[in-house]
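Presented below is the structure to which this report refers.
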Amino acid sequence: MRTSATRLIAALTLLLGAADASAELSPELLTELQPLVETGLASDDVAVQSWALRAAGVIGGNAFRDAVLAALQNTEPAVRIAAAQTLLAMNQRPADAKAALTREVLEGDAAVRALVLNAILPPLGDAVRQDVVTAALSQSTDPAVTREITTHLAQRATGALHAVLERAATIESSEQRAPYVEPVLAAARPEGLGVARALLASRDTTRRLEGAEIAFAVNTVEARALLEPLLASPDAALAQRVGFHLARYGNAAALSQTVALARNTEMPEALRMEALEVIRDRGPQLMSWGNLQELLAESGHSPEFATRVYEVAGATRDPAALQALRELLDGLFADERLLGIAGYGYSGQLDAIPMMVDAIASAGDVGLRSAAAEALGHIGGDLAAEAAATALRTERVDAVRVALIRSLGESGSEVAAGPIANVFALQNDDLSLAALDALEQLGSSSVASQVEAVVVSARSPAVRWRATVVLAKLDPELGRIRLLQALDRPPEGFRGDLEGLSDDLLAAVEERLLGHTDTRIREQALFGLVRRPDRGYSVLRGFALAAPASDVRRQAIAVVIAEDKPEDADLFIQLGSDTDRSVRLQGLSALANLGDAANEELFRGYLNHADVALRMIATYAILRMHA
């Protein structure tokens with residue numbers, strides 16, 4: 001570590017903003033301001049020297065070249081970075097400047113590296129940014145550093161800069177390739193298809209599978225089109241993975257291939273069962289009852305395999321298949337009846353509902369009765385929901401009750417909402433959790449008030465939290481206050497539960513978490529925000545002037561300044577009047593970077609300020625306005 005992360009963030013944030021090209025400045029202005037620049041370059045203060053270097057870059061020419069080159073060797077990262085920016089602005093020794101920035105990426109600590117990648121390089125232009133990043137990746141010997149660079153590119157880069165990641169296809173070792181492939185896979189941006197193409201062009205099976213996984217994650221029409229030729233790949237594992245993925249989107253060629261795989265007795269049973277599941281859901285008509293009987297006639301298959309075959313049989317709605325399922329339902333043995341139930345559940349036939357009701361009402365095996373309850377959910381619709389609700393009123397076995405509750409949620413019927421909500425009166429935690437899951441799946445807001453009652457009165461913290469999340473999803477207006485209150489003491493791993501909330505409510509949640517008393521929760525919220533495409537600007541802007549925690553405010557100021565938006569000029573002026581010197585410097589530096597001549601009078605008022613750093617920022621600002 002060259003210095004503390006806090007100090008680096010404060011110092012480096014001052015450097016944000018585009019580099020300035022030299023321009024003709026009036027002799028009078030140079031006479032007034034050049035001596036201030038010379039004094040600043042001789043200062044030992046990091047902020048003063050950094051801004052003097054920036055001002056020298058606006059003046060241009062050779063007058064300050066030696067001083068700027070010497071600053072490349074300064075002990076402070078902020079000064080070295082400012083010197084590199086200045087050389088680029090002056091078009092002097094650009095190779096040295098880019099080499100200096102490359103060293104900061106490679107040798108600096110995480111704070112320096114993040115700020116150079118995220119804030120310093122982008123305003124310098126794509127060509128400089130690409131040169132620095134490419135050089136850093138070529139020279140990096142630390143996998144952690146490599147991953148930080150590639151993660152930055154995967155999340156934020158576009159065009160030729162993102163294409164730098166395509167070098168992954170040329171790396172032989174899968175371990176060395178991982179820092180390139182995994183961030184692109186995690187980002188799942190359309191830009192990642194370039195990396196996918198490069199990997200798929202390889203003859204290496206592992207690389208081609210990695211490229212396919214990226215395309216699966218991106219999952220656009222273009223991504224699926226990229227995958228389609230791979231259905232004919234001689235690489236069976238690749239063709240199968242691609243086939244399953246495309247078949248789930250109804251691709252005819254992929255479905256046909258999936259049918260062939262399901263019928264191939266040389267394939268592992270687990271793989272064939274996965275194929276049958278895809279066929280059941282996307283193309284059951286592609287298998288005849290005769291095809292399915294052939295599968296059932298195979299020796300040595302498991303009961304689970306047979307169940308999946310009968311599910312496909314029901315989904316085909318073939319009269320002969322349905323007749324066979326009825327005969328199974330009337331069988332003497334429980335395993336036969338289970339197969340019949342499994343198949344009829346996917347038939348969509350309303351005449352199956354009475355059969356399922358009879359099975360549920362029987363005194364038979366609990367597993368069989370639960371399967372019949374689940375089958376009602378697969379059939380779906382109002383009639384199936386009414387049948388499940390009727391059975392639920394008299395059922396006393398919890399396992400069957402849970403199955404009935406789930407079937408109500410899966411039914412898609414509005415009539416299911418009331419019977420599900422009635423379960424809460426039983427004060428049974430397992431049933432209540434099942435009911436909450438079912439209501440979330442159903443998506444009905446008609447019982448929101450009953451869910452709110454669970455939020456308030458349930459004895460179990462787990463049930464109260466789950467009810468709070470479901471309420472927020474069913475009725476964001478009603479659930480908003482309850483959810484924000486619950487975030488005072490959220491359970492472990494709570495962030496995953498928040499997926500699917502409305503954008504407005506998510507923004508309110510993030511604001512609440514940023515003000516949390518638990519440092520760890522604040523850090524998690526900040527981490528999630530800065531990974532967004534806008535680095536959390538939309539949420540963090542409101543914390544730049546005031547935040548309950550100093551760490552949040554520092555990050556908010558850094559993000560707002562990095563965005564460099566002219567509409568934030570008034571905010572920058574307010575920051576320039578802050579009681580904290582580092583905040584004052586950041587605010588006025590951001591205002592200076594805007595280069596708005598309307599602020600010249602304000603900056604002239606700082607030319608004689610007692611704080612030399614503020615004088616130097618003002619000098620730079622005025623020079624830039626006139627350039």
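Some observations on this one:
- Test result for G243, modelled with pLDDT under 95, buried (at least 21 other Cβ atoms within 10 Å of the Cβ), out of contact with any Gly (no Cβ under 7 Å at 6 or more places or on another chain) and not aliphatic (A, V, I, L, M): yes
- Neighbours by Cβ (under 7 Å, 6+ apart or cross-chain): first from the range 425-445, in a helix (DSSP H, G or I) and modelled with pLDDT of 95 or more; second aromatic (F, W, Y) and surrounded by 15 or more Cβ atoms within 10 Å (Cβ to Cβ): S432/F424; A435/F424
- Per this entry, G314 is counted among residues that are modelled with pLDDT of 95 or more and either farther than 26 Å from A236 by Cα or surrounded by fewer than 17 Cβ atoms within 10 Å (Cβ to Cβ) (or both).
- A89 vs. criteria touching an Asp or Glu at 6+ places or on another chain (Cβ under 6 Å), crowded, with 20+ Cβ neighbours inside 10 Å and either small (G, A, S) or not in a helix (DSSP H, G or I) (or both): yes
- Of the numbered criteria (1) surrounded by fewer than 23 Cβ atoms within 10 Å (Cβ to Cβ); (2) in contact (Cβ under 8 Å) with a residue 12 or more places away in the chain; (3) farther than 25 Å from A388 by Cβ, the one V309 fails is (1).
- Residue match in the range 255-264 (condition: buried (at least 21 other Cβ atoms within 10 Å of the Cβ) and hydroxyl-bearing (S, T, Y)): yes
Every residue, every condition in (1) at pLDDT 90 or above; (2) more than 23 Å from L29 (Cβ to Cβ); (3) of a type in the set (D, E, K, R), yes or no:
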site	(1), (2), (3)
A525	no, yes, no
R531	no, yes, yes
A547	no, yes, no
A556	no, yes, no
G587	yes, yes, no
V612	yes, no, no
R615	yes, no, yes
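- Number of the exception - R156 against (1) over 20 Å from the mean Cα position of the chain (by Cα); (2) crowded, with 18+ Cβ neighbours inside 10 Å; (3) within 29 Å of A97 (Cβ to Cβ); (4) charged (D, E, K, R): (1)
- Looking across the range 173-215, the residues that are touching a Lys or Arg at 6+ places or on another chain (Cβ under 9 Å) and exposed (fewer than 15 other Cβ atoms within 10 Å of the Cβ) come down to S174, A201, T206.
- Of all residues making up the range 445-474, the number that are within 27 Å of the chain's Cα centre (by Cα) and of a type in the set (G, A, S): 3
- Of the helices (runs of 4 or more DSSP H) lying entirely inside the range 155-224, those carrying at least 1 residues that are modelled with pLDDT under 95, over 27 Å from N118 (Cα atoms) and hydroxyl-bearing (S, T, Y) are 174-187, 205-218.
- Considering R129, R189, R113, the condition of being under 23 Å from the mean Cα position of the chain (by Cα), within 24 Å of E76 (Cα to Cα) and without any contact (Cβ under 8 Å) to a residue 60 or more places away in the chain is satisfied by R113 alone.
- Filter result (outside any helix (DSSP H, G or I) and farther than 12 Å from Q92 by Cβ) within the range 40-77: A42, S43, D44, D45, Q73, N74, T75, E76
- Whichever residue in the range 216-237 is crowded, with 20+ Cβ neighbours inside 10 Å and touching a residue at least 24 places away in the same chain (Cβ under 8 Å) and, among such residues, is farthest from L185 (Cα to Cα): L230
- Flag if L286 is buried (at least 21 other Cβ atoms within 10 Å of the Cβ) and more than 22 Å from I214 (Cα to Cα): no
- Filter pass, M273 being in a loop (DSSP other than H, G, I, E, B) and more than 30 Å from L153 (Cβ to Cβ): no
- Number of residues in the range 12-31 that are surrounded by 15 or more Cβ atoms within 10 Å (Cβ to Cβ) and either at pLDDT 90 or above or part of a helix (DSSP H, G or I) (or both): the value is 4.
- Scan of the range 276-301 for residues that are part of a helix (DSSP H, G or I) and either within 36 Å of the chain's Cα centre (by Cα) or more than 20 Å from G314 (Cβ to Cβ) (or both), ordered by number: L276, E277, V278, I279, R280, D281, R282, P284
- Whenever a residue of the range 59-76 is among the polar types (S, T, N, Q), its partners that are crowded, with 16+ Cβ neighbours inside 10 Å and not in a loop (DSSP other than H, G, I, E, B), lying with C-beta atoms within less than 8 angstrom and at least six residues away or across chains, give the pairs Q73/R80; N74/Q49; N74/R80; N74/A83.
- D568 being among the charged types (D, E, K, R) and modelled with pLDDT of 90 or more: yes
- Residue ranges of helices (runs of 4 or more DSSP H) in the range 494-602 with at least 1 members surrounded by fewer than 22 Cβ atoms within 10 Å (Cβ to Cβ) and without any contact (Cβ under 8 Å) to a residue 24 or more places away in the chain: 503-514, 519-530, 550-563, 569-575
- Scanning the range 95-134 for residues that are surrounded by fewer than 18 Cβ atoms within 10 Å (Cβ to Cβ), in a helix (DSSP H, G or I) and either in contact with a Gly (Cβ under 7 Å, 6 or more places away or on another chain) or among the acidic types (D, E) (or both) gives D96, E107, P123, D126.
- Selection of the range 480-493 for residues being in a helix (DSSP H, G or I) and surrounded by fewer than 18 Cβ atoms within 10 Å (Cβ to Cβ) yields I481, L484, Q485.
The values are calculated or read from the model by the stated rules, or taken from the named source; none is laboratory data. On a predicted model such as this, the values are computed, not experimentally measured, just so you know. A quick note on method: Cβ atoms are made from the backbone with ideal geometry, for glycine too, and the neighbour counts reach across all protein chains shown.
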